[in-house]
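The values are calculated or read from the model by the stated rules, or taken from the named source; none is laboratory data. The model shown is predicted, which means the values in this text are computed figures rather than measured ones. When we count neighbours, we look across all protein chains shown, and the Cβ atoms used for this are built from the backbone with ideal geometry, even at glycine. For accessibility, only protein heavy atoms count, side chains too; no ligands or nucleic acids. Shrake-Rupley method; radii C 1.70, N 1.55, O 1.52, S 1.80 Å.
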Amino acid sequence: MEYILKKAELAQADIAMRLIEEGRKYLKEQGSDQWQTGYPDRGVILEDIEKERGYLVTDSGAYLAYLCIDFQGEPAYDGLKGQWIGNFPYAVIHRLAVSASYRGKGLSQVIFSLAEAECRKHGIYSLRADTDVKNKIMQHIFEKNGFCYCGTVWFAGSDKLAYEKLLSEAVL
């Protein structure tokens, strides 16, 4: 298997939206309200792609996941109720959606490893992310992949649980 993280192109917006819709359906099945109000919509995904922060994970031509890696930070994170681990420039992972066909196969470790490598290419050694209070699966995935719970942020109309992971190159 050769997993590849590559920037999504505008012609791949439908693929990204299919992955988002699969994720939306899965969240609903798990009892989470996250993504059930229309966010993220096609406009958000197109903006990700246009701003070169939308990524696809592939293997042998199959599309396994979509995610946003934003190197510009997240303004909502300035209002964290809690404490970030480090005070470094950081990247944010938003809108992670894994294909239903590949869910439950340990792909999260691959995705985060690829995202971390992309961060290192940009000289970024801190990754932050957030998820809905009811999204127990994503909370587990963050913790399994070395993220630490840091507090809550107000984002997209509700409190979210905020996580951070310092990459090994970060100097405390």
Test: residue in the range 35-45 that is of a type in the set (Gly, Ala, Ser) and outside any strand (DSSP E or B): yes
Of the criteria (1) closer than 20 Å to MET138 by Cα; (2) touching an Asp or Glu at 6+ places or on another chain (Cβ under 8 Å), which one THR37 fails: (2)
Top-ranked residue of the range 1-49 - restricted to ones that are within 23 Å of ALA156 (Cβ to Cβ) and among the basic types (Lys, Arg), ranked as nearest to the chain's Cα centre (by Cα): ARG24
Subset of the range 101-136 (residues that are surrounded by fewer than 17 Cβ atoms within 10 Å (Cβ to Cβ), of a type in the set (A, V, I, L, M) and in contact with a Lys or Arg (Cβ under 8 Å, 6 or more places away or on another chain)): VAL133
Residue list for the range 51-98, filter: polar (S, T, N, Q) and either closer than 26 Å to LEU27 by Cα or assigned to a strand (DSSP E or B) (or both): THR58
Selected residue (only one of SER108, SER101 is hydroxyl-bearing (Ser, Thr, Tyr), part of a helix (DSSP H, G or I) and either over 24 Å from PHE155 (Cβ atoms) or touching a strand residue (DSSP E or B) at 6+ places or on another chain (Cβ under 6 Å) (or both)): SER101
Search result, residues across the range 111-162 that are assigned to a strand (DSSP E or B), of a type in the set (A, V, I, L, M, F, W, C) and in contact with a Pro (Cβ under 8 Å, 6 or more places away or on another chain): none
ALA97 open to solvent by less than 60 Å² (accessible area, probe 1.4 Å) and in contact with a Gly (Cβ under 6 Å, 6 or more places away or on another chain): yes
Hits in the range 27-62 (condition: among the aromatic types (Phe, Trp, Tyr) and either open to solvent by 60 Å² or more (accessible area, probe 1.4 Å) or in contact with a Phe, Trp or Tyr (Cβ under 9 Å, 6 or more places away or on another chain) (or both)): TYR39, TYR55
Flag if TYR77 is under 12 Å from VAL153 (Cβ atoms), open to solvent by less than 30 Å² (accessible area, probe 1.4 Å) and among the aromatic types (Phe, Trp, Tyr): yes
Within the range 63-74, considering residues that are touching a helix residue (DSSP H, G or I) at 6+ places or on another chain (Cβ under 9 Å) and open to solvent by 20 Å² or more (accessible area, probe 1.4 Å), the one nearest to SER99 (Cα to Cα): TYR63
